[in-house]
Amino acid sequence: MTLLEVIALDARDAVAAQEGGADRVELVADMAADGLSPSAASVAEVRSAVDIPVRVMLRLTDGFAAGSLDALIRRTADLRAAGAEEFVLGFLTPAGAVDLPAVARIVDTIGGSPWTFHRAIDHCADRATLRAAVTDLPGLDTILTAGAATGVDDGIATLIAEKRGPHRNLVGGGLRLDHLPRLLAAGLDAFHIGSAARPRGWDAAVSAEEVRRWRRAIDVRPSV
């Protein structure tokens, strides 16, 4: 089955995403910093507002460095206590390698919960090495990627080349409706949208109607 994930900043966004047919939301705060961890109160509000799964971002600072792991672990514990059950995370070293000790420590903190390795993969020095390093970490079931740091336009060939693997590839980062026919025809089946669900920009709420447009588009099976 195809998967449609929508970025939510609050309960209003999450409700609109669910009404539009999203299968899951990614809950974040501060999109000016490309998505940071939400508050515990936001997690509780969203979990009580929707029935679909909610993946919660674990990141306290802009960029892909882990920052203070102690602070992140404390925030993770607070988010779990508020009802977070699924997560999004991923950290790189200054050299662009996966920061495996940091990732493993947070994975241990979430105790086997399902999680997504986010678009840090698009900014790493070696994608294949990163994938191999994280592949056996408990709970990892999804890798969010545009195929390139600059977005799906430049990464679509990489996305198609990487479609087979032990984890589901969730396509996101500059994704547009006109990308879908080629991606679906290649067998990719999971899609992540943020600004595409907000025709009036990040200062406005998610549009349920825009989410419906995406739902209809990804549910059209390509001819073979």
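The values are calculated or read from the model by the stated rules, or taken from the named source; none is laboratory data. These numbers were taken from a predicted model, which means no experiment stands behind them. Glycine also receives a Cβ, built like all others from the backbone with ideal geometry; neighbour counts cover every protein chain displayed. We work out accessible area using only protein heavy atoms, side chains counted, and drop any ligands, DNA or RNA first. Shrake-Rupley method; radii C 1.70, N 1.55, O 1.52, S 1.80 Å.
A few comments on the model shown:
- Entry note, the chain: relative contact order of 20 percent, from Cα contacts under 8 Å with a spacing of 6+ residues.
- Per residue value of the accessible surface for the chain (all protein chains in place, 1.4 Å probe), Å²: 43 Å²
- Per residue, the Cα convex hull of the chain amounts to 110 Å³.
- With a cut-off of 16 Å on the backbone N, the residues of the stretch 117-161 near the modelled label site 7 Å out from A104 along Cα-Cβ are 130-140.
- Where a label projected 7 Å from the Cα of I160 along Cα→Cβ would reach, residues of the stretch 116-154 with amide N under 15 Å: 147-148, 152-154
- 222 nm mean residue ellipticity, helices alone, for the chain (DSSP H n ≥ 4; -39,500 (n - 2.57); rounded to 500): -10500 deg cm²/dmol
- Backbone amide hydrogens, once placed in the peptide plane, bring E26 within less than 5 Å of V6, I7, A8, R55, excluding anything fewer than 5 places away on its chain.
- Here the chain has 52 percent of its accessible surface on carbon and sulfur atoms, given a 1.4 Å probe and all protein chains in place.
- Label-point gap, in nm, between M31 and A204 - each point 7 angstrom along Cα→Cβ: 1.1 nm
- The phi torsions of the stretch 58-64, fed into the Karplus equation with coefficients 6.51, -1.76 and 1.60 and a -60° offset, translate into couplings of 10, 6, 9, 9, 4, x, 10 Hz, rounded to whole numbers, with Gly and Pro shown as x.
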